Each structure stands twice: as structure tokens, then as C-alpha cells.
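Structure record follows, encoded as C-alpha cells.
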Amino acid sequence: MSRQIALLRGINVGGHNSFPKAGQQALAEALGFRGVSVLLQTGNIVFADPGTPPEETARVIQDRISADLGLAVPVIVRTRDEFAAAVAANPYPQAVAAPKSLHVTFLSDVPADVSRLEALDLGSYAPDRFRLIGRELYLWCPDGIGHSKLAGAVSRAPLGVTATARNWNTVNKILALADA
């Protein structure tokens, strides 16, 4: 069975946009999605492909969250195969041994203007690195994201698209859930 994965941005973070895991599951089921599973509280919903393009599925979920909860929560949806391709495209395989040091930012679209990212002097942020591949931005911070100046610089670079990040542990757990 093919699956879709909804990534909700900015929920249950720092006490903002409260949307419990059980509520996420109930909302997805109320939308008619089947085989719904939710990973963590941070908005990772896996379900049977409803037969709509991911962008449309994202809009439907986003609109329902707004209508039911009054929250403006951006939603990015990938098919299981798109998500698996993002995992396979990891440009930093050496980071897999320390999965909390690697983050993937999922983008709603390929950014039209990446000049701000390209202007970053990566040498001044070493050992941290990033790489944009299509609709995913990979950020590797060997000393931890909490100590990374590059993480802040990358997040401040306006890309003109919706973005939501997950660490490598979570990315792999989401894919395993989609494959279950």
C-alpha cells in the first residue's frame, strides 16, 4: 500500500501551537485517511495514500487544522517514495553514526532564489556543513545543533518556501513507520 507523510511545522514546540498526538490522529481519521499513525508530538503523520497529490493533501490538512483549532500550521506532505529518496540522498553518510547531528529540512518547493545560502562562507562555520538537494536541505552539525552558528545562518536565509526540519533519528523512524 502506498503511503503519504504529513509533516506539521511548529506544533508543540516551546508551549506553542498545542496539538496533542491523539488530536493529530483524530484529525487525520476525520479527514477520511486510513491506516493513520503518528510519530511523536511534533507533527509526523503517516497514512494510506488518499489518492490526491501531496500538495493537495497538505492544503486539506492545513485548512482542517485552521478550521478546527484556529491554528495556522504549515503542512508539507511527501509520498513514502519521495521521503525514502530524501533519506537515500543524504550527502553526509558519515553523520549517520551520530544521528542527532544531522537534520533534514523538508521544503514545500524547490527554492527559486538560493543566493543567500550560496553567499554563506562555509569555511567560517566549520565543521558544520549544509547541502540543498531539490526540496531537502541537509544540515550536519558534528558538535551538535545547539552549538551551531551555521544552523542559525541557514534558518535566517529566506528561501520563499515553507520549511520544517527533523533530525536524522526522527527521519528514519518516520520512514520505518511508513514501511510498516
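Candidates 58, 48: the one that is over 29 Å from residue 144 (Cα atoms) and within 13 Å of the chain's Cα centre (by Cα) is 58. Is it the case, given these coordinates, that residue 171 is buried (at least 20 other Cβ atoms within 10 Å of the Cβ), modelled with pLDDT under 95 and assigned to a helix (DSSP H, G or I)? So residue 171 fails the test.
When you look at residue 144, is it exposed (fewer than 14 other Cβ atoms within 10 Å of the Cβ), within 20 Å of residue 8 (Cα to Cα) and touching a residue at least 24 places away in the same chain (Cβ under 8 Å), yes or no? Considered against the rule, which asks whether it is exposed (fewer than 14 other Cβ atoms within 10 Å of the Cβ), within 20 Å of residue 8 (Cα to Cα) and touching a residue at least 24 places away in the same chain (Cβ under 8 Å), residue 144 comes out as no.
Of everything in segment 101-141 that is surrounded by 14 or more Cβ atoms within 10 Å (Cβ to Cβ) and in contact with a Gly (Cβ under 7 Å, 6 or more places away or on another chain), the residue that is farthest from residue 157 (Cα to Cα) is 101. Out of segment 26-82, which residues are closer than 22 Å to residue 169 by Cα and loosely packed, with under 13 Cβ neighbours inside 10 Å? Of everything in segment 26-82, just one residue is closer than 22 Å to residue 169 by Cα and loosely packed, with under 13 Cβ neighbours inside 10 Å, namely 81. The set of residues in segment 72-89 being of a type in the set (A, V, I, L, M, F, W, C) and out of contact with any Leu (no Cβ under 7 Å at 6 or more places or on another chain) consists of 72, 77, 85, 86, 88, 89. Across segment 33-51, not a single residue is classified as of a type in the set (Phe, Trp, Tyr), modelled with pLDDT under 95 and on the phi < 0 side of the Ramachandran plot.
Considering every residue within segment 9-20, establish whether at least one is touching a Lys or Arg at 6+ places or on another chain (Cβ under 8 Å), small (Gly, Ala, Ser) and part of a loop (DSSP other than H, G, I, E, B). Explain how you work it out, then say what you get.
Looking only at segment 9-20, we keep the residues that are touching a Lys or Arg at 6+ places or on another chain (Cβ under 8 Å), and these are none.
Checked against the condition, which is being touching a Lys or Arg at 6+ places or on another chain (Cβ under 8 Å), small (Gly, Ala, Ser) and part of a loop (DSSP other than H, G, I, E, B), segment 9-20 yields no hits at all.
Remark: pairs (first residue in segment 40-55, under 23 Å from residue 71 (Cα atoms); second residue assigned to a loop (DSSP other than H, G, I, E, B) and of a type in the set (A, V, I, L, M); Cβ separation under 8 Å; 6+ apart in sequence or on different chains) = 41/11; 42/11; 43/11; 43/73; 45/36; 46/36; 47/36. For segment 133-148, residues that are touching a helix residue (DSSP H, G or I) at 6+ places or on another chain (Cβ under 7 Å) and at pLDDT below 95 total 2.
Can you pull out the residues in segment 9-39 that are β-branched (Val, Ile, Thr) and without any contact (Cβ under 8 Å) to a residue 40 or more places away in the chain? Even if it seems obvious, please write down each step before you answer.
Of all residues in segment 9-39, those β-branched (Val, Ile, Thr) come to 11, 13, 36, 38.
The answer is 13, 36, 38.
Per-residue answers, yes or no, for (1) in contact with a helix residue (DSSP H, G or I) (Cβ under 8 Å, 6 or more places away or on another chain); (2) at pLDDT below 95:
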{"site": "75", "(1), (2)": "yes, no"}
{"site": "92", "(1), (2)": "no, no"}
{"site": "97", "(1), (2)": "no, yes"}
{"site": "130", "(1), (2)": "yes, no"}
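Please specify each residue of segment 62-98 satisfying the condition of being within 17 Å of residue 109 (Cβ to Cβ) and either touching a residue at least 12 places away in the same chain (Cβ under 8 Å) or among the aromatic types (Phe, Trp, Tyr) (or both). Steps first, answer last, please.
Quick first cut of segment 62-98, residues within 17 Å of residue 109 (Cβ to Cβ) only: 62, 74-79, 82-83, 85-86, 89.
Those that are within 17 Å of residue 109 (Cβ to Cβ) and either touching a residue at least 12 places away in the same chain (Cβ under 8 Å) or among the aromatic types (Phe, Trp, Tyr) (or both): 62, 74, 75, 76, 77, 78, 79, 82, 83, 86, 89.
The values are calculated or read from the model by the stated rules, or taken from the named source; none is laboratory data. Predicted model, so just to flag it, every value in this text is computed and none were measured. FYI the Cβ positions are ideal-geometry reconstructions off the backbone, even for glycines, and counts take in every protein chain you see.
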